[in-house]
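One structure is given below, encoded as C-alpha cells.
The values are calculated or read from the model by the stated rules, or taken from the named source; none is laboratory data. Keep in mind the model is a prediction, meaning the values are calculated, not measured. FYI the Cβ positions are ideal-geometry reconstructions off the backbone, even for glycines, and counts take in every protein chain you see. Calculation scope for accessible area: heavy atoms of the full protein, side chains included, ligands and nucleic acids excluded. Shrake-Rupley method; radii C 1.70, N 1.55, O 1.52, S 1.80 Å.
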Amino acid sequence: MASSPASAASEEEAVKAAKVLMVGAGGIGCELLKTLALSGFRDIHIIDLDTIEVSNLNRQFLFRQSHVGQSKAHVARDAVLKFRPNINITSYHANVKDAQFNVEFFKQFNVVLNGLDNLDARRHVNRLCLAAEVPLVESGTTGFLGQAAGGRIPLSHEQNSQVTVHVKGKTECYECQPKPVPKSYPVCTITSTPSKFVHCIVWAKELLFAKMFGDKNQDNDLNVRSNESGTSKSDVFERNADEDLDQYARRIYDHVFGYNIEVALENEETWKNRRRPNPIYIRDTLPEEAIRQNGSSRDINNEQEEPSAMVSLGLRNPQEIWSLADNSRVFLEALKLFFEKREKEIGNLVFDKDDQLAVEFVTTAANIRASSFGIPLHSLFEAKGVAGNIVHAVATTNAIIAGLIVIEAIKVLHGDYKKYRMTYCLEHPSRKMLLMPIEPFEPNKSCYVCSETPLLLEVNTKTTKLREVIEKIIKSKLGMNLPLVMIGSTLVFEDGEGLEEDEAANYALNLEKVLAELPAPVVNDTKLTVEDFQQELSCSINIKHRDEFDEEKEPDGMVLSGWSAPVEKQVTSNGGNQSVASSSGADYADGIVEDISTKPGMKRKLDEVLELKENCDASSSAQVVEDDDDDDLVMLDENPKLAKKKRWQ
C-alpha cells in the first residue's frame with residue numbers, strides 16, 4: 001500500500017495527497033468522479049471496460065449523444081477535466097481482471113473505490129485489495145435503495161444498493177458474507193413444465209436462441225426431431241437448401257410452439273396435477289394474409305440502422321404488452337432479420353441484453369411459450385430486465401451514494417476505522433430518516449477469502465468430472481479466474497498462459513475424468529487445495545462423497561458449504577428481549593442495521609427494524625405519520641447512537 005497521507009497537516013492536504021483508484025465509470029462512477037474532483041482529490045485513476053450506450057444517457061450525466069460507442073473511462077475523464085483542468089485523471093479502457101491490474105498495481109493506491117455492476121468483478125477487486133492491503137470502498141444502487149457502510153454488505157448489488165468500507169484485519173471483507181448467485185433451474189422445469197415467466201425467458205435465451213444462432217456443437221436439450229414423415233434430417237433446425245426464409249421461420253415456429261408441446265402432452269403422468277399447455281401453431285395465430293405481409297412496413301431508414309423487428313413492423317412502444325399475434329409477427333421477423341442482416345454471425349452468437357434483435361427474439365419466444373402454458377405475457381421492457389438481470393437505476397440515488405463513498409474514503413485516509421459507517425438509503429423515510437448508518441463488523445472467521453477457513457464440498461466422486469467441479473464450484477461459486485488444483489502434492493489442473501503443450505494436454509485429459517479416477521484419486525475425506533495466483537488467493541476444500549442429490553433443490557449435483565451457522569443475537573424490542581437469527585447464509589433479504597430504538601451496540605435485521613419502526617409510527621406516533629415533512633432528507637450525526645438529526649429543508 002502507498003504511504004499513508006494521514007500525517008498531512010490537514011484533512012484537505014490528506015485528500016490532495018491521496019492516490020485513488022476508481023473501478024467503474026457508469027451510473028455511480030460518473031457521480032463519484034465528479035464528487036471526487038470537486039472535493040479536492042487530485043490523483044484519480046479510472047478503469048472501465050464498457051462503451052457508452054444510448055440507454056446510459058438518462059443518468060450518466062458526463063456522457064452525451066455524440067459519445068455513444070466511445071470508452072466510458074476516457075469520456076468521463078475528459079468531461080471532468082473541462083471543469084477541473086488542474087487535477088490528474090488517468091483512464092484505462094480495460095477489464096479490471098486483465099493481468100496488468102495485478103497486486104503490485106493496486107499497492108500504489110491509498111484507497112480503491114468500486115462502482116461495479118457484477119459480482120464476479122467485485123470479488124476479484126476485493127481479493128486484490130486484500131493481497132495489496134489497500135482499503136476498499138464498495139458501492140451499488142438498486143432503484144431508490146442505497147446503502148453506505150464500514151462493514152457488512154448483506155446483499156449483492158443486484159439485490160440492494162450499498163457503500164461499504166473494507167480494511168484487512170479490521171472489518172469484514174466483501175466476501176465475509178455470501179452473496180446471491182444467479183439462480184439456476186432444473187432442466188425438466190425449463191423444457192417441460194414452466195410455471196413462471198422467468199422459466200420461459202431461460203428457455204428462450206439458453207435453449208432456443210442458443211440453438212438457432214449459437215454454437216451448433218453445444219449440448220442443447222431442445223427436441224430436434226421432426227414430425228414430418230420420411231424426412232432425412234436428424235435436426236429440424238437445419239434449413240433446407242431450397243427453403244425460403246418465410247417457410248423456414250414458420251416451420252421453426254410450428255415445431256417449438258406446436259409439435260414439441262404435443263410431444264410433452266403425451267406424458268399423461270406429468271399433467272395429472274398441472275395445467276395442460278396448449279400447442280400453438282402459426283396457422284391458428286396469424287392468417288395466411290398476415291404472414292405474407294409480415295415485415296412489409298419496413299422503412300428504408302431502418303435498413304441502414306441496427307436491425308429491429310419491432311421497428312420493421314411499426315411497433316414503437318417497448319413497454320406495451322403485445323398480443324399473441326403481435327409476438328408471433330415479431331418472432332418471425334426477428335428470425336428472418338438474423339438470417340438476412342447478420343448471417344455471418346450465426347453460429348457464434350451469445351445472448352446480449354444490449355443486442356436489440358436478440359432481445360426481441362427472446363422476448364417474443366418467451367411470450368409465445370408463456371401463452372401456451374397460461375403464464376401472463378410481459379412487455380419487451382420487462383422481459384429485457386428479466387433476461388439481462390437488469391435492475392433499473394435512479395440518478396438521484398447514485399448521487400447520494402457517490403457522496404457517501406467520498407465521505408467514507410476521507411475517513412479511510414485518516415485511518416480512523418472506528419468512524420467507518422455503513423448507511424442504508426431507504427426508498428421511504430422511516431421515522432423521518434432516509435439514511436440509516438451502522439458500525440462495521442469484524443472479519444468473519446469462517447470466511448474462506450480473508451480467514452482461509454476450509455470449505456466442504458458434497459459430491460458424487462464416482463460420477464462427477466473434474467471439469468464440472470471447476471466450472472460450477474471453483475470458477476462460478478468461488479470466483480477464481482485462473483485456478484490451480486492440487487490433491488496433496490499432485491497438481492491435477494492449472495489454467496493460464498505459459499503452459500507447456502504436454503502439460504496443457506494432460507490437464508485437458510484430467511478435466512474429462514471423474515474425480516475418483518484422477519492421477520491422485522478424489523474420494524471421501526480427500527482435501528483439495530485451490531489457488532489463483534492472479535488474485536493471490538488460496539483455499540482448501542474438504543470432499544464428502546454423496547451418492548444422490550435432489551434435482552429440484554440441488555441442480556448442480558453438488559453442494560458447497562462451510563459458512564458459520566446462524567448466531568442468535570439478543571435485542572431489545574418494545575421493552576422485552578427477543579432472539580433474532582443472524583444467518584451467514586445467502587439470504588437475499590438478510591440485512592443488518594442498527595436499531596436506534598434498542599440499546600447501544602445491539603444489531604437487528606433491516607426488515608425487522610423497519611417493521612418495528614412502522615409499528616411504532618402507526619401505534620404511538622400518529623403526528624409523525626401525518627407530518628408533511630416526511631420526505632425531507634435527514635442526516636444522522638457521525639455517531640448514530642446520539643441520534644441527532646440534521647434536517648435539510
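Please state the shape class of segment 455-561: rounded when a/c is under 1.5, otherwise prolate if a/b exceeds b/c and oblate if not, all from the C-alpha gyration tensor.
prolate
To the nearest 20 debye, what charge dipole does segment 2-142 have about its Cα centre, counting +1 at the Cβ of each Lys and Arg and -1 at the Cβ of each Asp and Glu?
Dipole about the Cα centre, nearest 20: 220 debye.
Please calculate how many Å² of accessible area segment 455-561 carries per residue, with a 1.4 Å probe and no DNA, RNA or ligand atoms counted.
Each residue of segment 455-561 exposes 51 Å² on average to a 1.4 Å probe.
Please work out how much length the chain gains when fully extended from Glu442 to Leu456, using 0.36 nm per residue of separation minus the C-alpha to C-alpha distance, in nm with one decimal.
Computed gain between Glu442 and Leu456 is 2.7 nm.
Per residue, how large is the accessible surface of segment 1-98? Use a 1.4 angstrom probe and give square angstrom.
45
Once the dipole of segment 455-561 is set up with Lys and Arg at +1 and Asp and Glu at -1 on Cβ about the Cα centre, which of Leu455, Met486, Ala508 lies farthest towards its positive end?
Leu455
Rank these residues by their accessible area, most exposed first, probe 1.4 Å: Ile543, Ile321.
Ile321, Ile543
Only four residue types carry charge here, +1 at the Cβ of Lys and Arg and -1 at the Cβ of Asp and Glu. Report the dipole size of segment 61-137 about the Cα centre in Debye, rounded to the nearest 20.
220
Would you pull out the residues with amide H under 5 Å of Leu455's amide H, same chain only if 5 or more places away, H placed 1.01 Å from N?
Answer set, sorted by chain and number: Ser540, Ile541, Asn542.
Calculate one ³J(HN,Hα) per residue across segment 452-463 by plugging θ = phi - 60° into the Karplus curve 6.51 cos²θ - 1.76 cosθ + 1.60, and present them in order as whole Hz with x for glycine and proline.
Going residue by residue, I get 6, 7, x, 9, 10, 10, 8, 7, 7, 6, 8, 10 Hz, with x marking Gly and Pro.
Output the peptides 243-252, 455-464 sorted from most to least packed, where packing is the average of other Cβ atoms within 10 Å over each peptide's residues.
455-464, 243-252
Which sequence of Arg431, Arg123, Arg275 reflects their accessible areas, 1.4 Å probe, from the largest down?
Arg275, Arg431, Arg123
How large is the accessible surface of Met310 in square angstrom, using a 1.4 angstrom probe and rounding to the nearest 10?
The accessible area comes out at roughly 10 Å².
With +1 on each Lys and Arg Cβ and -1 on each Asp and Glu Cβ, how big is the dipole of segment 187-387 about its Cα centre, in debye rounded to the nearest 20? Walk me through the intermediate numbers first.
Values: 25 positive and 34 negative charges, 120 e Å.
For this selection, approximately 580 debye.
Would you mind computing, in nm to one decimal, how far apart the modelled labels at Thr463 and Ile87 are, each placed 7 Å from Cα along Cα→Cβ?
Going by the 7 Å Cα→Cβ label model, 5.8 nm.
Of Lys272/Lys475; Lys353/Lys513; Lys211/Lys472; Lys82/Lys411, which ones are farther than 31 Å apart at the Cα?
Beyond 31 Å between Cα atoms: Lys272/Lys475; Lys353/Lys513.
Under a 1.4 Å probe, what is the accessible area of segment 187-387 per residue, stated in Å²? All intermediate terms of the calculation are to be shown ahead of the outcome.
Working: 9880 Å² over 201 residues.
Per residue, segment 187-387 has an accessible area of 49 Å².
Can you tell me the relative contact order of segment 298-442? Whole percent, Cα pairs under 8 Å, sequence separation 6 or more. Mind showing how you got there, number by number?
Working: 130 pairs, mean separation 26.2, N = 145.
Relative contact order, segment 298-442: 18 percent.
Go ahead and run the numbers for FRET between Glu343 and Glu268, Cβ-Cβ distance against an R0 of 45 Å, rounding to 0.05. Walk me through the numbers before you get to the answer.
Details: r = 42 Å, r/R0 = 0.94.
About 0.60, to the nearest 0.05.
Which whole-Hz couplings ³J(HN,Hα) result when phi for each residue of segment 248-260 is put into the Karplus expression 6.51 cos²θ - 1.76 cosθ + 1.60, θ = phi - 60°, listed in order with x for Gly and Pro?
For segment 248-260, the Karplus-derived couplings read 4, 4, 5, 5, 5, 4, 5, 5, 7, 9, x, 4, 5 Hz, x marking Gly and Pro.
Under 8 Å for C-alpha pairs, at least 6 residues apart: give me the relative contact order for segment 187-387, rounded to a whole percent. Please report the intermediate quantities before stating the final value.
On the way: 242 pairs, mean separation 61.6, N = 201.
After rounding, I find 31 percent.
How much length, in nm to one decimal, is gained on full extension between Thr193 and Arg225, taken as 0.36 nm per residue of separation minus their Cα-Cα distance?
9.6 nm
Could you order Ser234, Ser91, Ser476 by accessible surface area, starting with the largest, using a probe radius of 1.4 Å?
Largest to smallest exposure gives the sequence Ser234, Ser476, Ser91.
In terms of modelled amide H atoms, which long-range or inter-chain residues lie less than 5 Å from the amide H of Ala18?
Correct list: Arg42.
Lys/Arg Cβ at +1, Asp/Glu Cβ at -1, dipole of segment 187-387 taken about the Cα centre: which of Ser234, Thr191, Val330 is farthest positive-ward?
The one lying farthest along the dipole's positive direction is Thr191.
Sequence-distant or interchain residues sharing an amide H contact under 5 Å with Val522, placed H: which?
Amide H neighbours of Val522: Ala516, Glu517.
Calculate, for Arg283 and Glu243, the FRET efficiency according to 1/(1 + (r/R0)^6) with r their C-beta to C-beta distance and R0 22 Å; round to the nearest 0.05.
0.80
Mind checking the full-extension length gain between Asp416 and Ile390? Use 0.36 nm per residue of separation minus the Cα-Cα distance, one decimal, nm.
5.7 nm
How big is segment 187-387 along each principal axis, measuring the range of its Cα positions in Å and listing the largest first?
53, 40, 34
How large a share of the accessible area of segment 331-468, in percent, is made up of carbon and sulfur atoms when the probe is 1.4 Å and the other protein chains stay in place?
Carbon and sulfur: 50 percent of the exposed surface of segment 331-468.
Between Arg64 and Asp525, what's the calculated FRET efficiency when r is the beta-carbon distance and R0 is 60 Å? Round to 0.05.
Efficiency, rounded to the nearest 0.05: 0.50.
With θ taken as phi - 60° and the coefficients 6.51, -1.76 and 1.60, list the Karplus ³J(HN,Hα) couplings across segment 321-333 in order, rounded to whole Hz; mark glycine and proline as x.
Values, residue by residue: 8, 6, 6, 4, 5, 5, 4, 5, 4, 5, 4, 4, 5 Hz.
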